[in-house]
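Each remark here refers to the structure printed beneath this line.
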Amino acid sequence: MRLHPAAVAAGVRLAAHETLASTNTEALAAARRGERGPFWVTARQQTAGRGRRGNKWTSLPGNLYATLLLDEPAPPDHAPELSFVAALATYDAILDCAPALRRKLALKWPNDILCGDAKLTGILIEGESIEGRLVVVVGIGVNCRHHPPPANHPTTDLAAAGADVSAEGLFTALSGMMLRRLEQWRRGGGFDLIRADWLERATGIGGELRVRLPSGEFSGRGEGMDERGRLLVRLADGSLRTVTAGDVFPLGNEPAGQAPATGRAD
């Protein structure tokens, strides 16, 4: 794995591994040992990759598994915005390596990237207070060469979509694109720009959605995303519901009787 020249010039560092249990776990452990960000951790294979809510993420060699460690990237109330920053940077990197996929790619709230109707990536953001400072790790997994069976949600990979993109090449592009998107975000001061760019690439906004929460599920029309990144859904009775966290599907694309796959492998 190699960093983009712009990332090297900005002082970003990298620890590349053959095998790890989890790049997120290793990045947090490095922070506890005194490592400071911006610092990337990558692995060619993971033995205990995970996604949001403890979901397991298949981590076969040939795909990209990378985590960016950041120290106090923003005031705590803005830290969740990193989910959208990371999604945009990953989207940018994929298009940089595979421009022919432009019409097939879309963002699904909050941070999934779809190729057609199939899940291509996953992102997991985790934070921890270490010696009085907020440490955030941004875990990104991209299916480059293969993807898990569609047990919970349709999945795909770049090779299956016709794009010959290596994990190494994609990581180099990602390390550069992440730097650009972090600069645009400006520790939360530029989230209005991030939000606008995210909505421009989104699927499901303006259409009928099904939202699954731990407490139940409901359907409505996707109205957009507010200034804090929360999904806005218009219900049948005309009321507007705000969603902070949940699993979202354009109506008709959800596998019947199955719980959706969420999050990222880290």
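The values are calculated or read from the model by the stated rules, or taken from the named source; none is laboratory data. In this text, all values refer to a predicted model and were calculated from it rather than measured experimentally. Note that each Cβ is placed from the backbone with ideal geometry, even for glycine, and that neighbours are counted across all protein chains shown. Each accessible area value is taken on the protein alone, full model and side chains, heavy atoms only, with ligands, DNA and RNA left out. Shrake-Rupley method; radii C 1.70, N 1.55, O 1.52, S 1.80 Å.
Taking the Cα centroid of the range 225-253 and of the range 193-222, what is the distance between the two, rounded to the nearest whole Å?
Here the two parts' Cα centres lie 5 Å apart.
Using 0.36 nm per residue, how much length does the chain from L199 to L235 gain when fully extended, once their Cα-Cα distance is taken away?
Stretched out fully, the L199 to L235 stretch lengthens by 10.9 nm.
Heavy atoms only, probe 1.4 Å: what % of the accessible area of the chain goes to carbon and sulfur, would you let me know?
Values: 5700 of 11390 Å².
That share works out to 50 percent.
So how far apart, in nm, are the two label points at E208 and T242 if each is 7 Å from Cα heading toward Cβ?
2.7
Give me the 1.4 Å probe accessible area per residue for the chain, excluding ligands and nucleic acids, in Å².
On the way: 11390 Å² over 266 residues.
That works out to 43 Å² per residue.
Please calculate the 1.4 Å probe accessible area of E26, with all protein chains present, and give it to the nearest 10 Å².
Ignoring ligands and nucleic acids, E26 comes out at about 40 Å².
Roughly speaking, what is the centre-to-centre gap between the range 167-189 and the range 67-97 when only Cα atoms are used, to the nearest Å?
Here the two parts' Cα centres lie 7 Å apart.
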